[in-house]
1. Please work out if LYS182 is over 24 Å from ASN91 (Cβ atoms), outside any loop (DSSP other than H, G, I, E, B), charged (D, E, K, R) and at pLDDT 95 or above.
2. For the range 160-176, does any single residue satisfy the condition of being open to solvent by less than 30 Å² (accessible area, probe 1.4 Å), closer than 25 Å to ILE78 by Cβ, touching a residue at least 24 places away in the same chain (Cβ under 8 Å) and of a type outside the set (Val, Ile, Thr)?
3. Taking the range 1-15 as the search range and keeping residues that are out of contact with any strand residue (DSSP E or B) (no Cβ under 6 Å at 6 or more places or on another chain) and small (Gly, Ala, Ser), which one is nearest to THR50 (Cα to Cα)?
4. Can you give me the number of residues within the range 34-47 that are of a type outside the set (D, E, K, R) and in a loop (DSSP other than H, G, I, E, B)?
5. When you scan the range 185-211, how many residues do you find that are over 30 Å from ASN60 (Cα atoms) and part of a loop (DSSP other than H, G, I, E, B)?
6. Return the total of residues in the range 116-131 being in a helix (DSSP H, G or I), farther than 17 Å from LEU101 by Cβ and not charged (D, E, K, R).
7. Counting just the residues of the range 192-211 that are under 22 Å from ASP140 (Cβ atoms) and surrounded by fewer than 18 Cβ atoms within 10 Å (Cβ to Cβ), which one comes out farthest from the chain's Cα centre (by Cα)?
8. Just a yes or no: is a residue in the range 114-128 open to solvent by 70 Å² or more (accessible area, probe 1.4 Å) and either over 21 Å from GLN190 (Cβ atoms) or touching a Lys or Arg at 6+ places or on another chain (Cβ under 6 Å) (or both)?
Amino acid sequence: MAKKKFYVVWSGHKTGVFSSWAVCKKHIDGFKNAQYKAFADKAAAELAFTKSYNDYKGKNTKKPTLTVAEKQAYGTPILESISVDAACSGNPGIMEYRGVLTHSKKELFKKGPYQRGTNNIGEFLALVHGIAMLKSKGMDALPIYSDSKIAMSWVRKKQCRTNLVFDKKNKNLLELIQRAEKWLKENSFQNPILKWETKAWGEIPADFGRK
């Protein structure tokens, strides 16, 4: 279940700290140059409201900051690995995915854009693409990082459990999903699939940088 966020509106139809995106959106929709931001917890949001929007502009406030000890508990990522990620504009929307070398961010593959996709589908396809690519190169021991628990679970179950409705616009995406599921059922692999710990390590190297 997604963690609850709190929203600060500095400039809008109504200002303050709000506990839901729906309420926040009501207060900023149609308001010229609205100033607002999401925060990971209520205390951080209330503190931010006493300050200026410019103090937080461009900063990531959605994830709580970890202490040095908490970061150390997560260890460090294995740099000799690949990382995969997806990006989707809308839900559903235009989706693409890619894989990179973790240590250098050198792009290994990039697919898309696909019409009427979702981020979870992209994350799933990126993982399967990465696994199949490594298997074809005989690199069975190289780990693969993903920041999506949902995609990782779908790969384990060998099934993309999306609720997306498919039509003529995204028929090619459905075909890709079916091919990926078929590959998982007909092939075995040894590559460790590891969770990228964003809150300790920052954004995954394959991130599209559109947040």
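The values are calculated or read from the model by the stated rules, or taken from the named source; none is laboratory data. Worth saying up front: this structure is predicted, and the values here are computed from it rather than measured. Glycine also receives a Cβ, built like all others from the backbone with ideal geometry; neighbour counts cover every protein chain displayed. Each accessible area value is taken on the protein alone, full model and side chains, heavy atoms only, with ligands, DNA and RNA left out. Shrake-Rupley method; radii C 1.70, N 1.55, O 1.52, S 1.80 Å.
1. Taking the combined requirement at face value, the residue satisfies it.
2. Scanning the range 160-176, I find no residue that is open to solvent by less than 30 Å² (accessible area, probe 1.4 Å), closer than 25 Å to ILE78 by Cβ, touching a residue at least 24 places away in the same chain (Cβ under 8 Å) and of a type outside the set (Val, Ile, Thr), so the answer is no.
3. The qualifying residue nearest to THR50 (Cα to Cα) is GLY12.
4. Residues flagged as of a type outside the set (D, E, K, R) and in a loop (DSSP other than H, G, I, E, B) within the range 34-47 amount to 2.
5. Going through the range 185-211 one residue at a time, the tally reaches 5.
6. Selection size over the range 116-131: 7.
7. PRO192
8. Yes, the range 114-128 has at least one match.
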